[in-house]
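Written out below as structure tokens is the structure these notes cover.
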Amino acid sequence: MHHVAPFLKVRGNPQRGDILGLFLLDDPMTIMACAAQRSGGAPPRDCGDIEGLSGVYTINPDRDSCGFSVYCDMTTDGGGWTVFQNRINGDVDFYRNWEEFELGFGDVETEFWLGNAKVHQLTTSTAYTLRVVLEDFDNETRYAEYQSFAIGNAQSKYAISVSGYSGDAGDSLSYSNGMKFTTFDKKNNPYTWYGNCAVYFHGAWWHKTCHNSNLNGGYLAGDHATFADGINWYTWRGLKYSYKSTRMMIRRQ
């Protein structure tokens with residue numbers, strides 16, 4: 001169910017499940033649409049400003065530029081969560097290049113990555129908490145929550161800042177703290193004999209040398225013989241188990 005104004009979809013490959021993209025800010029029609037959107041009153045900064053059911057809403061974190069569509073989880077732990085990653089069935093290909101991870105891809109109602117530029121825009125202005133929700137193929141669900149979460153700007157290569165773990169899935173993300181984002185076409189991980197970690201382990205991530213989590217890895221559907229190249233979260237089911245579903249979402253503190 002959609003709420004408020006629909007997102008202007010200007011990039012993406014429908015054959016790969018895409019409808020997400022960034023506004024073309026130099027396009028006259030986009031400029032007019034943005035002006036009309038702002039004239040309707042101040043939009044919500046994020047899902048924390050929204051009262052309603054879970055669904056797709058338009059938000060505008062800095063209220064000076066065009067807004068964009070997000071999925072709001074309004075049920076988990078009191079709601080108000082802005083979802084930036086969701087995987088449920090493997091229909092959307094997550095083996096993507098730098099630009100696609102920067103702009104976003106997929107469908108916010110099913111499987112998607114919201115886009116590093118948007119997550120930076122959200123987390124640069126105020127403090128956010130991250131919640132990672134994992135479901136295995138036995139339908140057991142666990143979570144990892146991080147009291148403090150942000151990613152840097154493009155110049156920082158969207159470096160992650162994360163701390164303050166709690167939950168029952170174990171802490172598989174603090175290992176990546178301070179790391180830059182790496183994709184198969186942009187290696188930003190530190191030196192390792194693996195080379196480009198996103199290539200070797202088939203997943204863009206904040207790789208170190210290389211990872212304890214790989215939530216953008218291949219959809220390998222449970223136990224797999226290969227090492228650490230699935231949707232992995234080491235501290236729950238190790239690096240040879242790929243989860244059924246994952247969700248990464250943030251909420252303003």
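The values are calculated or read from the model by the stated rules, or taken from the named source; none is laboratory data. Because the structure is a prediction, the values reported are computed rather than measured. Glycine also receives a Cβ, built like all others from the backbone with ideal geometry; neighbour counts cover every protein chain displayed.
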Inset, instruction - Just need a number here: residues in segment 75-130 that are among the basic types (Lys, Arg) and under 22 Å from residue 230 (Cβ atoms). - result: 2
Legend entry - Output for segment 50-67, where each listed residue is modelled with pLDDT of 80 or more, outside any strand (DSSP E or B) and within 21 Å of residue 112 (Cβ to Cβ): 50, 52, 53, 54, 60, 61, 67
Inset, instruction - Of all residues in segment 230-253, count the ones that are in a loop (DSSP other than H, G, I, E, B) and within 15 Å of residue 90 (Cα to Cα). - result: 3
Legend entry - Filter result (loosely packed, with under 12 Cβ neighbours inside 10 Å and among the aromatic types (Phe, Trp, Tyr)) within segment 51-79: none
Legend entry - The lone exception for residue 253 - which of (1) among the polar types (S, T, N, Q); (2) under 28 Å from residue 126 (Cα atoms); (3) surrounded by 18 or more Cβ atoms within 10 Å (Cβ to Cβ) it fails: (3)
Inset, instruction - Looking only at segment 215-229, count how many residues are in contact (Cβ under 8 Å) with a residue 24 or more places away in the chain and either in a helix (DSSP H, G or I) or not aromatic (Phe, Trp, Tyr) (or both). - result: 8
Inset, instruction - Residues being among the basic types (Lys, Arg) and more than 15 Å from residue 216 (Cβ to Cβ): count how many of those fall in segment 58-117. - result: 1
Legend entry - Neighbours by Cβ (under 7 Å, 6+ apart or cross-chain): first from segment 67-92, on the phi > 0 side of the Ramachandran plot; second in a helix (DSSP H, G or I) and crowded, with 17+ Cβ neighbours inside 10 Å: 80/47; 80/48
Inset, instruction - For segment 204-214, state whether one or more residues are part of a loop (DSSP other than H, G, I, E, B), modelled with pLDDT of 95 or more, among the charged types (D, E, K, R) and farther than 24 Å from residue 115 by Cβ. - result: no
Inset, instruction - Consider residue 70 carefully, then state whether it is of a type in the set (Val, Ile, Thr), part of a strand (DSSP E or B), modelled with pLDDT of 90 or more and under 15 Å from the mean Cα position of the chain (by Cα). - result: yes
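From the set of residues in segment 188-203 that are among the hydrophobic types (A, V, I, L, M, F, W, C) and surrounded by fewer than 24 Cβ atoms within 10 Å (Cβ to Cβ), which is farthest from residue 119 (Cα to Cα)?
193
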Legend entry - Residue in segment 82-101 that is farthest from residue 202 (Cα to Cα), counting only those that are within 12 Å of the chain's Cα centre (by Cα) and of a type in the set (A, V, I, L, M, F, W, C): 83
